[in-house]
Amino acid sequence: MTTRTPVRPFRSREWFAAPGRSDMAALYLERFMNYGITPDELRSGKPIIGIAQSGSDIAPCNRIHLETVKRVREGILAAGGVPMEFPLHPIFENCRRPTAALDRNLAYLGLVEVLNGYPIDAVVLTTGCDKTTPSSLMAASTVDIPAIVLSGGPMLDGWHEGELVGSGTVIWRSRRKMAAGEIDEEEFLKRAMESAPSAGHCNTMGTASTMNSIAEGLGMSLPGCAMIPAPYRERGQIAFETGRRIVEMAYEDLRPSKVLSRQSFLNAIKLLTAIGGSTNAQPHLNAMARHAGFTLDAADWMAGYDLPLIVNMQPAGAYLSERFHRAGGIPAVLRVMIEAGAIDGSVATVTGRTLAENVAAAPIKDADVILPWAAPLKERAGFLVLKGNLFDFAIMKTSVIGEDFRARYLSRPGAEGVFEGRAIVFDGSDDYHHRINDPALAIDENCILVIRGSGVLGWPGSAEVVNMQPPDALLQKGIQSLPTLGDGRQSGTSDSPSILNASPESAAGGGLRWLRTGDTIRIDLNTGTCDALVDMAEIARRLAEETIPAVPQSNTPWEELYREKTGQLGDGGVLEFALKYRRTSEKVPR
Ligand code: FES
Ligand code: MG
């Protein structure tokens, strides 16, 4: 295998076999021998395959990769490569304060520097928890060396007293039950623990499963990779195959720029609808597309809106990832979509074959979980893009609009899909928690809860706080959700039909900053508009009167730099200056 000639000379040769620079090569070589690598291995012409390790004790969703990489290494060695593992900046969604959103761009920056600055010819990206996938793929595009995604896989399905309990989703649902007095704290904790029964990332179609599914849909992983549960034997097997495949990709010089196309990103938007994916996919997909050189606009997103939801998984449906995997997983969904003409199967993938070729024989093994395109779980189930006088861009995940919510708000005869409500405005989540149960606000079912100061600049990082729970008094009356709106995000495991990611955010001067409690907001799902019914003169008066609200001070150097350089969620929340750096691997650093 090592006698094969790579399409593009391996860049590691510049370090280890630089002609006429044996002094430098010796310097580069000597320390690797510390752990037993021989000079021969490094000089044999074999590709050096990086393994970006995202798992650690503080990144528990990805910790399974401490195991999977053993099989990746064996695959790399079996195919004639030299593995070199290194850490990715840890990203753990649930614990990172003030928010893990800060880490996506930081891990991106770190990975770019490692891939660019070290003798690495190709890389295995180990992914899992929400932002590990987009950060890795963003970096792979910037550097543009052959790259393949290996998901760690979701946890096994969680069960509580004979009922499926999904990670994240159980928290939102149990919080409402606790506020309504139906369960106590101990029961809450028990449910939470049982929703997380094994190693792996969230077992709902939250952001983690969504982003790993998207990586597969983009053709950046081996088929089936996203949904194999972390503890299954197939996880170790696909880790081995991923290791083998990346060595071939190194020889073929099959880089992200040859796999990813505008068409593959448009496919991903549509896949998102079919699986009922997380609203966090919007900034992440925009970010991945922009780093790969493509733009996704409101019309591109709306192309996904009209499509059906066919995967019956929480939070939009009933089941969890283990069952979805056994039903056929992402390959089966992609095949259905290609056969329905909903996505373009001719796009390239890391296998060297097209997406359609990869999934041509993928079976549906459980019709309760993967439904037919013509008889879906829900019609028109994508993200609705909204705009109006409060923001230029926001999204709403329509697949989680429940029947009670639809009946209460969206089914008035003659005004279907139109809702008018009294705004209750909160400045960040502390303000929300302090005041949500304040009787003076007189919150009833005709209110819309608004949160601002929760975006990229305001939080900073943008927080998952828009899925605000109604006041306890309403929950006790059986009202599970109110319409909500905000310039932050919400958890992908949430079942709230919120208006999210409003850009520009209040802290960037967006319209939410002049909104006041008591204003009427009109949302029209038919036209994709959301406006405060406040006249221009009054808006001008308020703007003249008010300054942009102060944001909490940055607490670390990165928070300050992040705020300075990061754009709005509607544009992917990327480090805007970084976009001009493309295909950096084409120039080996001096
Ligand atoms: Fe890490 Fe859900 S919290 S995957
Ligand atoms: Mg999440």
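The values are calculated or read from the model by the stated rules, or taken from the named source; none is laboratory data. In this text, all values refer to a predicted model and were calculated from it rather than measured experimentally. Every residue, glycine as well, gets a Cβ built from its backbone with ideal geometry; the counts of neighbours run over all protein chains shown.
G110 is checked against (1) surrounded by 24 or more Cβ atoms within 10 Å (Cβ to Cβ); (2) in a helix (DSSP H, G or I); (3) out of contact with any Pro (no Cβ under 6 Å at 6 or more places or on another chain) and fails just one. What number does that condition carry?
Exception for G110: condition (1).
Can you say whether D571 is more than 21 Å from Y108 (Cβ to Cβ) and out of contact with any Asp or Glu (no Cβ under 7 Å at 6 or more places or on another chain), as far as the supplied structure shows?
In short, no.
Is it true that A199 is in a helix (DSSP H, G or I), surrounded by 24 or more Cβ atoms within 10 Å (Cβ to Cβ) and either of a type in the set (S, T, Y) or modelled with pLDDT of 95 or more (or both)?
no
Do you know which of the residues in segment 563-590 that are part of a helix (DSSP H, G or I) and touching a Pro at 6+ places or on another chain (Cβ under 6 Å) is surrounded by the most Cβ atoms within 10 Å (Cβ to Cβ)?
Within segment 563-590, the match that is surrounded by the most Cβ atoms within 10 Å (Cβ to Cβ) is L569.
Scan segment 46-71 residue by residue and report those that are over 22 Å from the mean Cα position of the chain (by Cα) and over 11 Å from G152 (Cβ atoms).
K46, P47, I48, I49, G50, K70, R71
Test D306 against the criterion of being modelled with pLDDT under 95, away from ligand 2 (no atom under 16 Å from the Cβ) and either in contact with a Gly (Cβ under 6 Å, 6 or more places away or on another chain) or farther than 19 Å from I148 by Cα (or both), and give yes or no.
yes
Which ranges mark the strands (runs of 3 or more DSSP E) fully within segment 446-510 that have 2 or more residues being under 18 Å from A179 (Cα atoms)?
Ranges flagged: none.
Scanning segment 88-103 for residues that are away from ligand 2 (no atom under 12 Å from the Cβ) and closer than 27 Å to R583 by Cβ, which turns out surrounded by the fewest Cβ atoms within 10 Å (Cβ to Cβ)?
H89
Can you go through A25, A18, A52 and tell me which one is among the small types (G, A, S), assigned to a helix (DSSP H, G or I) and more than 16 Å from ligand 1 (Cβ to nearest atom)?
Answer to the selection: A25.
Go through segment 202-229 residue by residue and tally those that are more than 16 Å from ligand 2 (Cβ to nearest atom), in a loop (DSSP other than H, G, I, E, B) and out of contact with any Asp or Glu (no Cβ under 9 Å at 6 or more places or on another chain).
Residues in segment 202-229 being more than 16 Å from ligand 2 (Cβ to nearest atom), in a loop (DSSP other than H, G, I, E, B) and out of contact with any Asp or Glu (no Cβ under 9 Å at 6 or more places or on another chain): 3 in total.
Yes or no: L164 touching a Pro at 6+ places or on another chain (Cβ under 8 Å) and surrounded by 19 or more Cβ atoms within 10 Å (Cβ to Cβ)?
So L164 does not fit the description; no.
Within segment 182-197, identify whether any single residue is away from ligand 2 (no atom under 16 Å from the Cβ) and under 25 Å from I330 (Cα atoms), and answer yes or no.
Yes, segment 182-197 contains at least one residue that is away from ligand 2 (no atom under 16 Å from the Cβ) and under 25 Å from I330 (Cα atoms).
I'd like to verify a number: residues in segment 157-175 that are under 20 Å from the mean Cα position of the chain (by Cα) and at pLDDT 95 or above, how many?
Number satisfying all stated conditions: 0.
Go through segment 165-188 and give me each residue that's in contact with a Lys or Arg (Cβ under 8 Å, 6 or more places away or on another chain) and either within 16 Å of ligand 1 (Cβ to nearest atom) or assigned to a helix (DSSP H, G or I) (or both).
Those that are in contact with a Lys or Arg (Cβ under 8 Å, 6 or more places away or on another chain) and either within 16 Å of ligand 1 (Cβ to nearest atom) or assigned to a helix (DSSP H, G or I) (or both): V165, V170, S174, F188.
Looking only at segment 403-424, which residues are surrounded by 12 or more Cβ atoms within 10 Å (Cβ to Cβ) and either in contact with a Ser or Thr (Cβ under 8 Å, 6 or more places away or on another chain) or part of a helix (DSSP H, G or I) (or both)?
Within segment 403-424, D404, F405, R406, R408, Y409, L410, E420, G421, R422, A423, I424 qualify.
Out of T133, T142, which single residue is within 14 Å of ligand 2 (Cβ to nearest atom), of a type in the set (S, T, N, Q) and under 24 Å from the mean Cα position of the chain (by Cα)?
Every option except T133 fails the conditions.
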